[in-house]
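> Submitted below is the structure of interest, expressed as structure tokens.
The values are calculated or read from the model by the stated rules, or taken from the named source; none is laboratory data. Remember, it's a predicted structure, so these values are computed and weren't measured experimentally. Positions of Cβ are backbone-derived with ideal geometry, glycine not excepted, and every protein chain shown enters the neighbour counts.
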Amino acid sequence: MKVLVVGSGGREHALCWKIAQSPDCEALFCAPGNGGTANVATNLDISAMDTAGVLGFCKEEGINLVVIGPEDPLCAGMADDLRKAGISCFGPGAAGARLEGSKSYTKEVLERHRIPTATYRRFDRSGEAKDYLNACMVWPQVVKADGLAGGKGVFICQAPAEACSAVDAVMEERRLGEAAGASIIIEEFLEGEECSVFAITDGEAILILEPVVDHKQVGEGDTGPNTGGMGVYSPAPSLGQRVLRQIEQRVVIPSVHAICREGIEFRGVLFIGLMLTESGPKVLEYNVRFGDPETQALVRRFSGDLLPYLAATANGKLEGMDPPEWDKRFTVGVVGASEGYPGECGKGGRIEGLAEAEAVEDVVVFHAGTTPSGDGIATAGGRVLCVSSMASDMETARERAYEAYDRIQWAGKFCRRDIGGRVEARRTRVAELMGSKLEHGEVFDSSLPFGDPHS
Ligand code: AMP
Ligand code: GLY
């Protein structure tokens with residue numbers, strides 16, 4: 001099979017790294033890729049938003065499968081254009097991608113299909129939104145830009161003045177862009193513990209992947225602004241079998257069912273952001289792609305060949321696949337970012353020590369914002385790389401990841417030192433919230449049969 005991965009982040013390096021190991025992979029390309037994908041695939045000078053370029057290359061090269069990494073080309077309908085041209089594609093078309101591209105649309109779908117979520121109001125005018133906020137008796141309230149905002153569109157506000165300035169920033173000043181600020185939603189604040197679930201689906205069969213926990217905030221102890229993700233670990237001891245079954249029954253299967261009933265043919269991965277609350281799991285958001293850096297952890301633990309699953313999903317044949325095997329060991333992924341992230345940061349600094357880092361047992365370094373430069377590698381983005389480790393216990397996995405991370409150098413490098421550090425506290429909190437007994441040592445058994453949205 002000839003495969004093309006679209007995107008240039010850590011997620012795409014992780015996907016390329018895994019796909020390149022498949023005996024079915026005859027040739028692998030990445031558009032445009034980064035300094036890491038260059039080692040396992042052929043990078044193309046085609047941007048991730050260039051549908052015509054991608055399509056032209058696929059025809060010329062006889063590509064059998066395209067895997068679209070980021071949300072922007074999905075929302076722009078790249079998968080529709082590829083399928084129309086007869087090219088198999090992992091990733092939903094524009095209709096499915098709206099579940100990530102429009103928060104108000106997602107809320108309508110959730111409500112229509114009675115999938116648990118926070119209560120909300122939608123506003124198209126800032127004045128009405130501010131009148132509503134000024135009359136609100138319950139705080140905090142959550143203000144969200146409707147459109148894609150690169151993870152910067154959510155404001156948790158403690159009081160009316162703060163919420164009204166968020167409304168002005170989004171709707172009046174259009175600080176998140178013209179389209180993202182055309183409307184907003186104001187949502188009930190949910191108290192609880194966050195988690196995410198990934199479900200691969202071809203619209204019918206569902207394959208729930210092993211849980212991964214991300215650390216979204218930039219600062220240690222979950223402080224500071226939200227980022228794309230500063231580190232991950234998997235499995236998630238806080239999400240025992242009972243909790244995961246509840247998520248599957250109450251959220252995952254109803255979500256895929258809802259998408260199907262909306263008339264959307266969804267072939268890809270549904271990434272569900274959840275809040276585990278006292279009244280059960282509630283959907284915070286849908287994403288229509290793999291997470292970054294969650295994928296860097298998933299590919300380390302996915303022990304079989306991922307490519308047949310991606311191809312089966314793209315071709316509507318997931319039902320016939322056996323559940324995959326997972327490595328039972330723990331993986332930890334520490335993201336190294338450049339000073340200033342998630343704001344503006346410098347680029348072009350030389351990165352040293354990558355080979356030394358990968359000399360640490362069971363460590364793989366996935367590149368994100370990097371680019372080949374002369375005979376080496378230079379920084380090219382805020383999140384520069386993700387150092388992933390594996391070990392039979394969490395502590396050793398953490399030690400290995402940080403030991404390897406410390407062997408890498410570039411100017412202005414920083415990371416969070418507490419990735420995977422809150423496992424016990426989280427386990428206790430989830431058990432309290434979800435009313436289940438502590439489930440020591442219990443992990444999700446993904447060898448159980450797939451869910452069937454029609455049953
Ligand atoms: P979203 O992009 O909708 O997932 O929101 C980004 C982050 O904001 C989430 O990961 C949560 O930490 C937080 N958040 C979003 N909506 C809510 C809510 N209704 N209640 C509490 N926290 C929220
Ligand atoms: N790590 C969160 C995301 O990919 O959206």
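> Regarding SER255, is this residue of a type in the set (S, T, N, Q), modelled with pLDDT under 95 and away from ligand 2 (no atom under 16 Å from the Cβ)?
no
Listed here are the residues, each with its yes/no results for (1) among the small types (Gly, Ala, Ser); (2) within 16 Å of ligand 2 (Cβ to nearest atom).
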site	(1), (2)
GLY147	yes, yes
LYS152	no, yes
ALA166	yes, no
ALA169	yes, no
GLY231	yes, yes
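> Do you know which of the residues in region 114-144 that are touching a residue at least 60 places away in the same chain (Cβ under 8 Å) and of a type in the set (Val, Ile, Thr) is nearest to CYS157 (Cα to Cα)?
Among residues in region 114-144 that are touching a residue at least 60 places away in the same chain (Cβ under 8 Å) and of a type in the set (Val, Ile, Thr), the one nearest to CYS157 (Cα to Cα) is THR119.
> Name, by its number, the condition in (1) within 16 Å of ligand 2 (Cβ to nearest atom); (2) closer than 30 Å to THR117 by Cα; (3) among the aliphatic types (A, V, I, L, M) that does not hold for VAL334.
If we test VAL334 against (1) within 16 Å of ligand 2 (Cβ to nearest atom); (2) closer than 30 Å to THR117 by Cα; (3) among the aliphatic types (A, V, I, L, M), just (2) comes out false.
> All but one of (1) within 12 Å of ligand 1 (Cβ to nearest atom); (2) assigned to a loop (DSSP other than H, G, I, E, B); (3) at pLDDT 95 or above hold for VAL142; state the number of the condition that does not hold.
(2)
> Now, a different point. Could you list, in sequence order, all residues of region 189-215 that are surrounded by fewer than 16 Cβ atoms within 10 Å (Cβ to Cβ) and not hydrophobic (A, V, I, L, M, F, W, C)?
Scanning region 189-215 gives GLU191, GLU194.
> Of all the residues that make up region 163-203, how many are within 15 Å of LYS282 (Cα to Cα) and either basic (Lys, Arg) or assigned to a loop (DSSP other than H, G, I, E, B) (or both)?
Residues in region 163-203 being within 15 Å of LYS282 (Cα to Cα) and either basic (Lys, Arg) or assigned to a loop (DSSP other than H, G, I, E, B) (or both): 4 in total.
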